[in-house]
Every structure is written in C-alpha cells, then in structure tokens.
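Only one structure is covered here, and it is reproduced in the block below.
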Amino acid sequence: MNFNKTTFLPLFLFLGLIDCSSIEWENPCDPTSKTYLETLFLKEILGDIRPYCGGQKTSSFAKFTNFQRADVVIGQPDFETNASVPLSGASLKQPGPVTVSGNQLYISDSRNHRILGYHQIPTLNGATADFVIGQVDDVSSLIATPPTATSFKYQWNIASSNNRLFVADTSNNRHLIYNSLPTANVAADVVLGVSNFTTVGVGSCSNTDLSGSEGVSTANGKLFVADEGHHRVLIWNTIPTSNNTPADIVLGQADFTSCSPNRGGPTPTANSLSTPGGVWTDGTRLFVADSYNGRVLIWNTIPTFNGQPADLVLGQPNMEIAVSATTGGGFLVGGVYNVYSNGVQLVIGDAYNHRVLIWNSIPKTNGQPADTVLGQINFTNNAPNDDEQTGVAGVTPTARTLYNPYGVYMVGKLLFVSDFDNNRVLIFKGK
C-alpha cells in the first residue's frame, strides 16, 4: 500500500489537532512515553514536519473565568453537599490530589486511606468508583498496623506515568511504586523510604529516609519527591526498581544529612525550603510548592547538583521573604501544597485563601500575579464557601466555592480541584 497524505487525510488532520495534554496525561510532553514516540512515528510517516509538544498551541490552552462554576462533582451527590459519610464507593473524606492515565482517573481519598479508581473520567455528579486501592472493599477505611504492600495511611499525592502509579504514603514515611497501573487492591512493587513493606519509616535524615513526604512527580525517567518533614526535594535520576534506593540529588539542603527548615536560617533563600508539600515537572522545568515559605519555586532547567538554587519565585516579591498575602501574586503561608502545569499554563492551589490561581502562561518574573482565580470573584476575597462574596464563610458549598483546595491537576481542557474540606473533587471545563 502507498502511504500518502490523501489516503490518510483524516488521520493527518487529527494529528494536527492533538496537543501535549491530550496524549500522555500525566506529563504531556514526556519523551519517554510510548504514545509520544508513536505519535512522532506517525508524523514521520505522514511527512508532518510541524512541531509536536514544542511551544504554545491554541488547542493546549484552556480558558477559565474568575469564580467559574464547576461542571462535575465527585464525592458528593450535588454541589451543595459536603458530608464525608456514609462511607461508600461514591464518597470522599478530605481528598488529596488526583492523577489520570489515558481516561482512567485515580483520586487520593486521604482520610479514608484509599485511592478510588474510575475507568472513565466521570461526566455525572456523584459517580461511584469502579475499584478501590488500599482497602479490601469500598466500605472500609482501616489503617493497617503494621503497614503492608496493599495499605496506606493518610496518603497524599499520586502520580502516573508510563503505566506506573506513584503514591506518597505520607504517614508511613514511604513512597510506593506500582510498575503497572492497578485496577484493584494489588500489592505495590517497590517501596522507598524503608527497606520493606511492613516497616514504618523513622524519618531519619539520610539519602534514603523520608519524613511525612507528600509530593511526587515523574518525567524523562526521573523521580521527584517533596520530602516535607525534611524540608527538601529528592531526585532519583532513574526510576527505582529496588526497595530503599537512595536518591541522587537533594534540593533545599546542602547535603543528604541536613534537614532543617531554610537550612537553619531565619529567612528563606533561593536554595532553601520549609515544608515543601508539592512538586511537579515536565522533564524540562521543576516547580516546588514551598508551603511554609508561602511560595512556589521554579527551576527553568532540571537541577543537576545538590542545593541548586531556584531561578524564579511566585507568591513573594523575592527569594528572601515569606509573608502571607491575599493578592493576585500572593499566598497565605502554610497553604500552598500543590502545583501543576499543562506545559502552557500554571495552576496552584492557594488553600488557605480558599481559591485556585491560574497563570495563562508560564511566569517569567518573581511575584508575577495570576490571570484567573477560582473559588473567589476577585484576588482580594478569601472566605471559604462564600458564594455571595460578602467576606463571610458560607455554611454550605456551591458549584463555584472552595474550602481549602489543596490539589490541582489538568487533563486537556479539564481542571480537577481537590476541595479538601468540602470532601469532594470538582471538575471545571475550560474553553
């Protein structure tokens, strides 16, 4: 058969429309992903020389508006309910971040010590999960003592890439790696932070130990972990395949045996951290939610040496300040725990201001203000569940209010917000 553009015109046009975020959900432009390589192969066959995942495209951009209403709620039957009981496959209790692989959605149901899985992204309110990880069924929320390869304790961030699932099992001071995406309560394959699956980490300060670690991200075969209690970010240059593998690089500290906030200093610097809760990377840039410094740090290239300073700071006017603010460019100290980018835009959960901030392009200057806010009508209001925007906390939530939104995640034009104290996950549809 002769391959030509006329024969494959529909496919050719389709390839011209796809963008980073519609291919490999977890890290849209990760060159190690199977789909990324397959797409490049098809483009070569078709003679399509247009760049793929190389710069801003209209189809990569998702437009949101201030105080926009969510379109779908998960964990609750409607937008006005925020109960965490009764426990079921459709309920959530203070959920953490989510991740998507293909169309498969995973939600970190933190206070129920489980992950809810959906074979398809729900389009209707109150959808029931298709499977549960971390519990024997969807009406259990037990804490295993000692832990096992199939249990969690207040797990937080989760990430998926190249058919793997990564789980920050926070209160067990460990991270779990599943070498294939689970669709049932199966055992993890690798554990970091401890030497086996039945040990709780003691939180010692070394190149293997973790302390209350909450953040995880992966790209280009590297693993990034926000080790909150040690005030640092750890980098593995290859995905670990054996238990308790030591990290290769540390950020926020000068070495692996130093674990004080801000390196023991009274104020932050470009190379220090204080309780970093979230981390995200696309393999080119690195973003760290430095919670107790009230900021997000950006490295424009992936760090290659211990203690490498960040290039940019958001939430503060410079690297040496840690103050709270309710502005277009400020956060409340202690409430910045999650950050995500689709390669074009940047999204940050500003939990204590009960809002989500969106930058329509990757910031290039310190303290750059956001372009859009969700959960509030403007950049100065900050009461929870304040649908009337009177500055007074509301009694019940609505489709456009938030209450400690810690987790953010994007898939194509969908934005997921983990609305922690409303016990729900909201899906906002961008245009």
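The values are calculated or read from the model by the stated rules, or taken from the named source; none is laboratory data. None of the values given here were measured: they were computed from a predicted structure. Cβ atoms come from the backbone with ideal geometry, glycine included; neighbour counts cover every protein chain shown. Accessible surface is based on the protein model in full, side chains and every heavy atom, while ligands, DNA and RNA are left aside. Shrake-Rupley method; radii C 1.70, N 1.55, O 1.52, S 1.80 Å.
Odds and ends about this structure:
- The trypsin sites (Lys or Arg not before Pro) of region 303-409 that DSSP puts in a loop, and whose beta carbon has at most 13 other beta carbons within 10 Å, are 364.
- Principal axis extents of the Cα atoms in region 243-367, from largest to smallest and rounded to whole angstrom, are 37, 32, 28.
- Protein heavy-atom surface of the chain, 1.4 angstrom probe: 54% of the accessible area is carbon and sulfur, with nucleic acids and ligands not counted.
- Accessible-area value, residue 128, 1.4 Å probe, nucleic acids and ligands omitted, Å²: 80
- Diffusion coefficient of region 94-183 by Stokes-Einstein, Kirkwood radius over Cα pairs, 4 °C, 1.567 mPa s: 100 µm²/s.
- Ellipsoid equivalent to region 141-216 - semi-axes via the Cα gyration tensor, in Å: 18, 14, 11
- Note that region 372-414 shows a convex hull volume over its alpha carbon atoms of 83 Å³ per residue.
- Region 306-380 shape via C-alpha gyration tensor axes, a/c threshold 1.5: oblate
- Value of [θ]222 nm, deg cm²/dmol, for the chain, DSSP H segments ≥ 4, -39500 (n - 2.57) each, nearest 500: -1500 deg cm²/dmol
- Convex hull volume per residue in cubic angstrom - Cα atoms of region 68-115: 98
- Residue 141-residue 187 pseudo-label distance in nm [points 7 Å out on the Cα-to-Cβ vector]: 2.8
- When only alpha carbons of region 199-276 are considered, Rg and Dmax amount to 12.1, 39 Å.
- Each pair of Cα atoms in region 181-231 enters the Kirkwood radius, and Stokes-Einstein at 4 °C and 1.567 mPa s then converts it into a translational diffusion coefficient of 104 µm²/s.
- Listed pairs 364/431; 63/364; 222/429; 93/429 exceeding 26 Å between Cα atoms: 222/429
- Sorted into 5 angstrom bins from 0, the C-alpha pair distances of region 346-405 split as 4, 22, 28, 21, 13, 7, 4, 1 percent.
- Eigen-decomposition of the gyration tensor built on the alpha-carbon atoms of region 231-275 gives equivalent ellipsoid semi-axes of 24, 9, 7 angstrom, largest listed first.
- More than 27 Å apart - percent of Cα-Cα pairs taken over the chain: 49
- Anisotropy class of region 125-276 from Cα gyration tensor, a/c 1.5 cut: prolate
- log₁₀ of I(q)/I(0) at q = 0.10, 0.11, 0.13, 0.19 Å⁻¹ - region 309-431, Debye sum with one point per alpha carbon: -0.28, -0.34, -0.47, -1.00
- Other residues whose C-beta falls under 12 angstrom from the C-beta of residue 131 contribute a net charge of -2, scoring Lys and Arg +1 and Asp and Glu -1.
- Between residue 392 and residue 179, the modelled labels are 5.9 nm apart [label points 7 Å from Cα along Cα→Cβ].
- Separation of the residue 124 and residue 66 label points, Cα + 7 Å toward Cβ, nm: 3.6
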